[in-house]
1. Taking the Cα centre of region 177-313 as origin and charging only Cβ (+1 Lys, Arg; -1 Asp, Glu), how large is the dipole, in debye to the nearest 20?
2. Relative contact order of the chain: what whole-number percent is it, with Cα pairs under 8 angstrom and at least 6 residues apart?
3. In what sequence, largest accessible area first, do LEU170, LEU122 appear using a 1.4 Å probe?
4. Provide TRP180, TRP41 ordered by accessible surface of protein heavy atoms (probe 1.4 Å), highest first.
5. Under a 5 Å amide H to amide H cut-off, with H placed in plane at 1.01 Å, what residues pair with LEU141 once short-range neighbours are removed?
6. Dipole of the chain (Lys/Arg Cβ +1, Asp/Glu Cβ -1, origin at the Cα centre): which of GLN91, PHE46, ILE258 lies farthest to the positive side?
7. Which percentage, to the nearest 5, of the DSSP beta bridges contained in the chain is antiparallel?
8. Quick one: which residues, 5+ away or cross-chain, put their amide H under 5 Å from the amide H of ASP204? H built at 1.01 Å from N.
Amino acid sequence: MSAEALRPNSKILVGTASWSDPGFVERWYPKKMPAHERLAWYAQHFEMVEVNSTFYSVPDARTVERWCATTPNTFVFDVKLHQLFSFHSTQAKLLPLELQRVARTDSKGKVNVSPELRDAMLDIFLRSISIWRSHGKLGVLLLQLSPAFSPRKHQLAELEPVIEKLRNYLLAIEFRNRNWVVDDQLKATEDFLRQRQVGFVNVDAPAAEHFSIVPPDLNEVTNSRFSYLRLHGRDAKAYLTGKTVAKRFDYDYSDHEIEEIAERTRKLAKEAKEVHVVFNNNNLDYAPRAAIRLRKDLGQKLAAPLPQTPDLF
């Protein structure tokens, strides 16, 4: 079944969370490929990528221009918002220099976030976003909340300032505290997002009830323009105890699991005009190879077959 058959004008975009993880470089890209050539090679295999480096720093304008110039006209960048906006504890050194000078910090160098600092940071961030938009390559902005953002300590209304500032963009929110999406709270959370035309990020994650793991059986569409699905792998021990990103999401999806994900994606495509599917199982080359298998299961046109082993290069 083709993606186009799912709904009139529907579209399914499949990609990975970043394109330059060490495992990708070691095992997926051609050996000795220069770093500046990787994105163009990635774009031969996928129509979309989720930019994760923006969680840690605001990208330089020249860098964004280069990324846009190096990819096809139809290529899409989903962009993760900086951690300052997502209730993560943020070191001042992760702010642009102009804000490092004025930001108030605690004894450990962590920023005390004020409305003024947040607004100034968002203005700077949107300068880079405007470049992607001017090239017609901006997809969805992703706000990945901290697990510490919980219903016990916070209210959804605290998200209003960022949502309002980004009202002219496609915005998706990933909750990392399951208490926002279980029992009666799920409907309240859905209603909050739907009223503001914000997308709910569905996940594939371990089937565990830890507070930081969102249930993987939700398929919520709160903005009919798009749906967002992030795939984190299904290893609960790795997810909860991994000391690095690669260790947390160290999971190689089986062919049967890819078939399940394909079916789930088709269901989302019946409710949304566009579905963004992002593989975040980013240890080794698990993510790009899983993403290619999903594209194949969805009947999408693929680039030339990839080598079976990096030793062929």
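1. The calculated dipole for region 177-313 is roughly 460 debye.
2. 22
3. Details: LEU170 40, LEU122 5 Å².
Per-residue accessible area, sorted high to low, gives LEU170, LEU122.
4. Working: TRP180 10, TRP41 35 Å².
Largest accessible area first, the list is TRP41, TRP180.
5. Placed amide hydrogens put VAL79, LEU170, LEU171, ALA172 under 5 Å from LEU141.
6. GLN91
7. 5
8. Here the answer is ARG230, LEU231, HIS232, since their amide H atoms fall under 5 Å of that of ASP204.
The values are calculated or read from the model by the stated rules, or taken from the named source; none is laboratory data. In this text the structure is predicted, and so the values were computed from the model without any measurement. FYI the Cβ positions are ideal-geometry reconstructions off the backbone, even for glycines, and counts take in every protein chain you see. All accessible areas refer to the heavy atoms of the entire protein, side chains included, with ligands and DNA or RNA removed. Shrake-Rupley method; radii C 1.70, N 1.55, O 1.52, S 1.80 Å.
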